[in-house]
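The values are calculated or read from the model by the stated rules, or taken from the named source; none is laboratory data. Predicted model only: the values in this text are computed from it and were never measured. Positions of Cβ are generated from backbone atoms using ideal geometry, with glycine treated the same way; all protein chains shown enter the neighbour counts. What goes into the accessible areas is simple: the full protein's heavy atoms, side chains included, and nothing from ligands, DNA or RNA. Shrake-Rupley method; radii C 1.70, N 1.55, O 1.52, S 1.80 Å.
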Amino acid sequence: RDNRNQVLSQLNSNASRATLAVGTKAVNLILWQMRQGYGKAIRDTGDLQRDVNYQVIDDVTVEVGNSLEYAPYVHDGTRKMAGRPYIQDALMSRDNQRKLQRVYEQYLKQGFGK
């Protein structure tokens, strides 16, 4: 019996769910970095934290970031203020890369037994 179509269907479904889960995990890692990563939380009004979001581009690509106009100045700094690259720091650390990979793998394996 040829199960190719069922396997492909399951993989596509899993990939979609995995991408959503990775987006959610990435946002949580960024929020942790904003709250804990620099000794003092990145927060005046809380708008920047509330604005952290993700968008699924396709089944395997997620964009994560802020849409507020001043977000790049906080992240990258200015001539008068050092940057706090909370997105880069949160998503590029080796430990957090592993966490994101594990989330993706867990979702991708669903429905395929052990």
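List of remarks:
- Of all residues in the stretch 85-94, none satisfies being of a type in the set (Asp, Glu) and in contact with a Leu (Cβ under 9 Å, 6 or more places away or on another chain).
- Every residue from the stretch 41-66 that is part of a loop (DSSP other than H, G, I, E, B) and under 10 Å from the mean Cα position of the chain (by Cα): 52
- When 88, 36 are checked against the criterion of being touching a helix residue (DSSP H, G or I) at 6+ places or on another chain (Cβ under 8 Å) and open to solvent by 80 Å² or more (accessible area, probe 1.4 Å), 88 stands alone in meeting it.
- Note on the stretch 94-114: residues that are open to solvent by less than 70 Å² (accessible area, probe 1.4 Å) and at pLDDT 95 or above amount to 4.
- Condition check for residue 22: in a helix (DSSP H, G or I), among the β-branched types (Val, Ile, Thr) and more than 23 Å from residue 99 (Cβ to Cβ): no
- The set of residues from the stretch 67-114 being assigned to a helix (DSSP H, G or I) and either touching a Cys at 6+ places or on another chain (Cβ under 6 Å) or within 18 Å of residue 15 (Cβ to Cβ) (or both) comprises 100, 101, 102, 103, 104, 105, 106, 107, 108, 109.
- Taking residues in the stretch 4-16 that are surrounded by 14 or more Cβ atoms within 10 Å (Cβ to Cβ), and partners anywhere that are part of a helix (DSSP H, G or I), the pairs with Cβ atoms closer than 7 Å and at least 6 places apart or on different chains are 14/107; 14/108; 15/108.
- Failed criterion for residue 27 (all others in (1) more than 11 Å from the chain's Cα centre (by Cα); (2) part of a helix (DSSP H, G or I); (3) touching a residue at least 12 places away in the same chain (Cβ under 8 Å) hold): (1)
- The stretch 42-54: number of residues that are touching a helix residue (DSSP H, G or I) at 6+ places or on another chain (Cβ under 8 Å) and either over 14 Å from residue 90 (Cα atoms) or modelled with pLDDT of 95 or more (or both): 7
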